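In what follows, a structure is listed as structure tokens, so that the remarks can point back to it.
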Amino acid sequence: MAVTAPPTERPPVSHVSIALTEPRRWSLTVEQMLYLLIGVLSVLTHLYLLGDRAFHHDETLHAAYSWRIYQNQGYLHDPLLHGPFLYYFTALQYFIFGDSDFTARLSAALFGIVLSLLPWFLRRDLGRGTALIASGYLLISPVVLYVGRFIRHDIFAVVFELLSVIAILRYVATERPVWHYTLAAAMGLMLTTMETFYLFLAIVGSFVAVWVVWQVARRLFWLIVAYGAIAIVALKVIPRFAGPIPLPTPEQALLVRHQPDNNLITYARNVGQIIGPMLAHPASLLVIVSTLLLLVALIVLLFVRRGLDGRSAWRQVADTAPAGTLIGALDRIPGRQWAIAFGIAFVIYAVQYTAFLSNPLTPNIAGLITGVSGSFLYWLGQHEVQRGGQPPHYYLFQLSVYEPLLLLFGPIGLGMVAGRMVRLFRKRNDTTEAEARGWAAEKLLFAPMLLVWWSLGALAIYSWAGEKMPWLTIHVALPLVLLSAWGLARVWTWAARGGFEPLAVALTGMAGVLLLLTFNQFTSIIRDAEATRLAALWPILALSFLALLAAGMYALYRSMRPAVLALLSLTLAFNLFFTLRSSIRLSFVNGDVPVEPMVFVQTSPDVTRALNDLRAASLLRTGKLDLPIRFDNETVWDWYLRNYTQTEGSRGTQIAPIGEEVQAVFMLSENVPANEPNLTGFLRQEYPLRWWFPECEVYRFPPSDSNCGFDPQGSSLLSRVLSKPWDGKALADYWRFWFDRRVPAPLGSTNWTLFVRPEVAAEFSVGAGAQE
């Protein structure tokens, strides 16, 4: 057998291909480092002193119900307390880290951290600058940080809202199924979190419907406009003649709130008694009939009716829709993908509302129905109850106090989107080239237009809804953060193209110094009661400095770009300082003191101080938490006394006779007179239990507000400054509130009384009260 010898010579070097590329070193970009910094700061700001603030009344309920799951006591959905997600996720924190005030809020804090980083996924859709600005602002936003350290459902809901918007934009851009499934999961989790799901669905769903109709058959757009007019007439005009629509009463709400387990027949009967009269009202009938007619008309005209080429209106547009458009993305979703997405959302919904996670052997099958019907009907009934009873301008007021940058740059973003739309319509004609340009322009317009619709829709629908609460402000603020970031990024990019020479920097710095001096003089004047009449002159002087700066820049450079950049720099510098200051004071200084409108009604810090004394006294005397304690029907004690082994609550205004072994009694002051015979031998001390913000004196309009008694002589800080903005004293009083949170009236409160035996009074710092 012949054997071939190996070659003795190497081929010429020119014939040899050698890879000389060194292994690429992994390194962080500046952008990634900034996101990392935002993440680290977000962790610090969300976890620092997280458990120190007294628990709001609602927080104690949410923490206690989560603790019951942790203690294997089960879960039953109650629409009053919203959806189950918060309770299961918080119970998971207890399981991992144990139960405490810190771990009760940890679940909310984790979602607050996630929220500040989620804009990372919008870099390709909104721009890298927009995403980074949004992340940075979500880090320091007073509303977002406060709600992100507060165990309520809202922080979870807004994370799922933003995740849903991200999934929509990413799926339209990439058509990757993972984003469709992400949308399904986010919507399912939102549905199991709180009823704001229906408002978000109405906002985003209506945007998709209007966008599709506008793209496919614009002449049908007027059908939607007509439908909206009919709905307004039905809901606003007809009830004036036919009487109000019979929404669920508080008694009826209990029928759908406390449903019989797995008794679907009884539950269906209860629901029928509620929705029957409501649907039979003429206004409801008109809305139902017009909705059905609109749906039939759209289906026939968009999908059934054929044109001359044998294709439907939808098919004609979808066949030419390129990648990256909503029409094209929707048209190319296969049926199997729809089924998987629906399955993901349904499993998330079913597992939580049937309480399968806490009761796997005996799940509440009725929860498959009550999760939707109970929640929707109960909170529909709350629309007329109007808990909180806030005025229509409530959220605008909250934003003006905490998020003035959003009220400045949100409208700028809105104006820029409107300008894009105008330019798009002007360029339209019937040529193929124009059609291609139109698709390209609409791809650029889709994301910012969604932000505009979401922002306006959220502001409108939450301002209209009967229940207005401070924590709901985050649902209005979030879309405005994204829209403002988009507008700011584009204005800054445009202005920065003109450059910024040293002279421009110097002039801007000089203007900043003048503004600081003006601010210092203004704050000095408003402290002098005699000089406040001149207070209005100083804001005018500050605006004059800005106008002179802009005019000087334009005169020097014959361009608006340096002028706009200078104004942007100063506006951001001052407003970011105020925003950061408000955020720190709200979350770390006044978090349980209702001089802040966001705090609204809050458990006083005296409660936590007394409970810390109680813990110390019990450990000192017994070495464990078994000091005998009695309390009345106040529910906050369910959370705070959960780990004490010898506690007993009355669940009523009167408590049973107290034995000599009882060392402390916690009681609402209003219940004390009825229990005096049982309270002999105790020292007593009264504290605020819950205190609240003086609304009528700050932002309501007393002459037209029933919550202020329709006081014709009454006025508030806001009404005074709006009616007479030139009034120096009105401006000074409002500034003292806005900047220093000096409210013009005492805080209201409901009180509780601590009773302790004389031998333990020293541990509780009680001694001023007389022994009974």
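Looking for whichever is in contact with a Ser or Thr (Cβ under 9 Å, 6 or more places away or on another chain), under 19 Å from residue 78 (Cβ atoms) and open to solvent by less than 30 Å² (accessible area, probe 1.4 Å) here; the options are 389, 367, 374. Which one fits?
Every option except 367 fails the conditions.
Here are some residues: 515, 534. Which one is within 30 Å of residue 723 (Cβ to Cβ), open to solvent by less than 80 Å² (accessible area, probe 1.4 Å) and more than 34 Å from the chain's Cα centre (by Cα)?
Among 515, 534, only 534 is within 30 Å of residue 723 (Cβ to Cβ), open to solvent by less than 80 Å² (accessible area, probe 1.4 Å) and more than 34 Å from the chain's Cα centre (by Cα).
Condition first: among the charged types (D, E, K, R), within 33 Å of the chain's Cα centre (by Cα) and open to solvent by 50 Å² or more (accessible area, probe 1.4 Å). Can you find one or more residues in segment 235-242 that meet it?
Yes, the conditions are met somewhere in segment 235-242.
Just one of (1) in a helix (DSSP H, G or I); (2) closer than 30 Å to residue 361 by Cα; (3) modelled with pLDDT under 90 trips up residue 214, so point out which.
All conditions are met except number (2).
Just need a number here: residues in segment 325-364 that are part of a loop (DSSP other than H, G, I, E, B), aliphatic (A, V, I, L, M), modelled with pLDDT of 85 or more and surrounded by fewer than 15 Cβ atoms within 10 Å (Cβ to Cβ).
1
For segment 33-58, which positions are closer than 20 Å to residue 590 by Cα and hydrophobic (A, V, I, L, M, F, W, C)?
Within segment 33-58, 44, 47, 49, 50, 54, 55 meet the criteria.
Collect the residues in segment 706-753 that are touching a Gly at 6+ places or on another chain (Cβ under 9 Å), open to solvent by less than 30 Å² (accessible area, probe 1.4 Å) and more than 21 Å from residue 596 (Cβ to Cβ), keeping them in residue-number order.
753
So which residues in segment 563-600 are open to solvent by less than 40 Å² (accessible area, probe 1.4 Å), β-branched (Val, Ile, Thr) and over 26 Å from residue 640 (Cα atoms)?
Passing the criteria: 564, 571, 579.
Are any residues in segment 601-627 closer than 19 Å to residue 672 by Cα and open to solvent by less than 20 Å² (accessible area, probe 1.4 Å), and if so, which ones?
Listed by number, the residues that qualify are 607, 610.
When the residues of segment 669-702 are narrowed to those that are closer than 24 Å to residue 595 by Cα and open to solvent by less than 20 Å² (accessible area, probe 1.4 Å), which ends up modelled with the lowest pLDDT?
702
Being in a helix (DSSP H, G or I) and open to solvent by 10 Å² or more (accessible area, probe 1.4 Å) is the filter; apply it to segment 463-483 and report the residue that is farthest from residue 141 (Cα to Cα).
Going through the qualifying residues, I end up with 464.
Which members of segment 72-97 meet the condition of being more than 15 Å from residue 367 (Cβ to Cβ) and at pLDDT 95 or above?
Across segment 72-97, the qualifying residues are 86, 89, 90, 91, 92, 93, 94, 95, 96, 97.
Given the condition crowded, with 24+ Cβ neighbours inside 10 Å and of a type in the set (S, T, N, Q), answer yes or no: does some residue in segment 115-129 qualify?
Yes, the conditions are met somewhere in segment 115-129.
Those residues that are in a helix (DSSP H, G or I) and at pLDDT 95 or above, I need them from segment 590-638; list them, please.
Correct list: empty.
Taking the options 410, 438, name whichever one is modelled with pLDDT under 90 and outside any loop (DSSP other than H, G, I, E, B).
After applying the criteria, what remains is 438.
The values are calculated or read from the model by the stated rules, or taken from the named source; none is laboratory data. Treat the numbers as computed from the prediction; the structure is a model and nothing was measured. Methodologically, a virtual Cβ is constructed for each residue, glycine included, from the backbone with ideal geometry; neighbour enumeration extends over all protein chains shown. For the accessible areas, the whole protein counts, side chains as well, though only heavy atoms, and no ligand, DNA or RNA atoms are used. Shrake-Rupley method; radii C 1.70, N 1.55, O 1.52, S 1.80 Å.
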